[in-house]
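Here the structure comes first, spelled out in structure tokens, and everything after it is commentary.
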């Protein structure tokens, strides 16, 4: 049996930029646009500012928050924190959930430093998306105490290896190094959530970049990083798995990824949409005094991640609030769907929202549980009023889900809504146009110049 690191290296190098299907190129560009919109919208977040202060001075790649240049690895970290900070970037749901666009900051840093073409960047994105999603399909990590950025070092290394033009042998070493240094504890996402939640994958991305640079410069990785007696399978996964779904020369998993409509943990998107429908049925938003009880019937993963811990009923950080099913549903019923302003302290402490949260229960429904994740993220919201009237709405595939994808126009609207308040309408539209033309012969230089100007706003 071939060593898995070798299989991953061979797969990554089999993706030819010119052979990507037309519809896949478009989808990759839309996910790149969405990713950059999320990063630009987060430019003034405290965590993004702090991450930009953590980088060294170098002349390799741009830190978008400041417009200054740093090392490839540090730019991957700082920009990765920006991508993730608002919890608004794309999602993939399987045995393990993930945010594949978390790979993008590292890929762009390498592409900038090595003057790669736009087509090559998109091919690297396709590789990283494919590898990360294949790993998520193969094995659940959270039930063993590991966090999903564990897979991130590996997927970043696969994409960066393609950008760097590593040989199959050097990429195998890079992947081995990334694998043995990848495990991340799930405590990052347990209980009250901290600012590190938005940094964890960015740190993994930096690790994946460094693994590639180490291998490129001649450092060999350990043999049997996955299969060895103290390797990934035995110590982290607890069992062996294969990635038989990876097909050389084929990268289409980006079509199975979801773009968020609301800045909230993805499993809650359908509950928010169901709550919106109930508000429309009612004819107006609810006054807390009208509501006797709220029941959210959901699936196991949603209950475990955003509806099962006591901290989710009493959020004290924005990271906990945007990962709280009770908060997100109560907010939608009383104040409307969550926005970026919904995560200020005065918002989650509002008595109106808290009053409804105290009457809200989350329960797993076996019927809905059986549908997740292949047939959607089904949530049923039941609102019972004091007089006994009930409203019931169920949503399986909210807007942006792979079964109900956003159109290019809708993705563009989301990007402009995030970028225009930061850059101004004209610059935001110009940046959008550059992203959507990234596969053309002009290359990436105009895009990188525009991103450098973000820090000069």
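The values are calculated or read from the model by the stated rules, or taken from the named source; none is laboratory data. Remember, predicted model here, so these are calculated numbers, not experimental data. Positions of Cβ are backbone-derived with ideal geometry, glycine not excepted, and every protein chain shown enters the neighbour counts.
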Check: For the range 269-286, how many residues are over 16 Å from residue 328 (Cβ atoms) and either modelled with pLDDT under 95 or in contact with a strand residue (DSSP E or B) (Cβ under 9 Å, 6 or more places away or on another chain) (or both)?
Finding: 2
Notebook entry, point to check: So, of the residues in the range 327-341 that are in a helix (DSSP H, G or I) and touching a residue at least 40 places away in the same chain (Cβ under 8 Å), which turns out to be surrounded by the fewest Cβ atoms within 10 Å (Cβ to Cβ)?
Noted result: 340
Notebook entry, point to check: Tell me, which helices (runs of 4 or more DSSP H) lie completely within the range 390-457 with 2 or more residues that are under 24 Å from residue 341 (Cα atoms)?
Noted result: 408-423, 425-436
Next item on the list: Sort out which residues of the range 185-201 are assigned to a loop (DSSP other than H, G, I, E, B) and surrounded by fewer than 23 Cβ atoms within 10 Å (Cβ to Cβ), and write them in order of number.
Entry: 190, 191, 192, 194
Next item on the list: Run down 223, 216 and say which single residue is at negative phi and loosely packed, with under 15 Cβ neighbours inside 10 Å.
Entry: 223
